[in-house]
Amino acid sequence: MNFYERHILPHVINCACGTKPVRRQRQKVVPRARGVVLEIGIGTGLNLPFYNGEAVERLVGLDPSEASWALAAERGRDLPFPVEFIGLPGEEIPLADNSVDCIVMTFSLCTIPAPLQALAGMARVLRPGGELIFCEHGLAPDEGVQRWQRRLNPLWRRIAGGCHLDRDIPALLSAGGFRTVEQDAMYLPGTPRIAGFNTWGAAVHA
């Protein structure tokens, strides 16, 4: 991990992923988390204020960036449930099979190098009847936007911590062993269309 990735990128992502439209998306999905929760890509803890303290028993946050987690310490200090941080990427989930009630994944699937491997791990640790709650940006429905997404993707990945602009979120969830039970999508207002097409909802084991 170089200087940019260690010291600058976490602050850039914290700002970019904390805009008003993105916060509104987090507010739509995070409060439905229940029980023992695994958050994939907890980053700087931008989801922490939106958890329902009366419904969450414990939160395990998985993220490869310890620098990002350092920024989340204050956000998690006064929560009414314990938060545990694990400094590993999304492909490595060191939890037992069927050990979590809910998985929260927001604006993280775009950066995971091996998304299908990560989703298989999520399916493994999720208890029967549990939900994967997701909110992700990805491949736009308009061909003109798609062309720009693919054109800019190589540069975007280098400056945005490996983020892909053009991942097909519903297709990845399906290929990763999940069946979507709720799904909505739209371009986020005030957001560049190349990075603004958002898909969110809930999925269960296929």
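The values are calculated or read from the model by the stated rules, or taken from the named source; none is laboratory data. Just so we're clear, the structure is a prediction, and the values are computed from it rather than from any experiment. Here Cβ is always computed from backbone atoms with ideal geometry, including for glycine, and neighbour counts include all displayed protein chains. Surface areas here come from the heavy atoms of the whole protein model, side chains and all, with no ligands, DNA or RNA. Shrake-Rupley method; radii C 1.70, N 1.55, O 1.52, S 1.80 Å.
Structure above, values below:
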item	result
Accessible solvent surface per residue of the stretch 86-206, calculated while the other protein chains remain in place, 1.4 angstrom probe, Å²	44 Å²
Whole-number percent relative contact order across the stretch 124-190, with pairs defined as alpha carbons under 8 Å at least 6 apart	27 percent
Residues whose placed amide H lies under 5 Å from that of residue 60, excluding near-sequence neighbours	37, 38, 39, 84
Value of relative contact order over the stretch 91-206, rounded to a whole percent, pairs C-alpha under 8 Å and six or more apart	30 percent
Whole-Hz ³J(HN,Hα) from phi, Karplus 6.51 cos²θ - 1.76 cosθ + 1.60, for the stretch 103-120, glycine and proline x	10, 10, 9, 10, 6, 10, 4, 5, 9, 6, x, 10, x, 5, 5, 5, 5, 4
Heavy-atom accessible surface of the chain: percent carbon and sulfur, 1.4 Å	53 percent
Inter-probe distance in nm under a simple model that places probes 7 Å from Cα toward Cβ, at residue 183 and residue 147	2.6 nm
Cα-centred dipole magnitude for the chain, charges only on beta-carbon of K, R (+1) and D, E (-1), debye, nearest 20	580 debye
Long-range HN-HN contacts of residue 178 with modeled amide H, under 5 Å	206
Probe 1.4 Å, accessible area per residue of the stretch 28-72, Å²	35 Å²
Phi-based couplings in Hz for the stretch 185-191 (Karplus 6.51, -1.76, 1.60; Gly and Pro marked x)	7, 5, 7, 6, x, x, 10
Computed over the chain: relative contact order in percent, which uses C-alpha pairs under 8 Å that are six or more apart	19 percent
Added length on full extension, which subtracts the Cα-Cα distance from 0.36 nm per residue, residue 116 to residue 75	11.7 nm
Peptides 98-107, 160-169 ordered by average Cβ neighbours within 10 Å, highest first	98-107, 160-169
Top positive-direction residue, dipole computed over the chain with Cβ charges, set 152, 130, 200	152
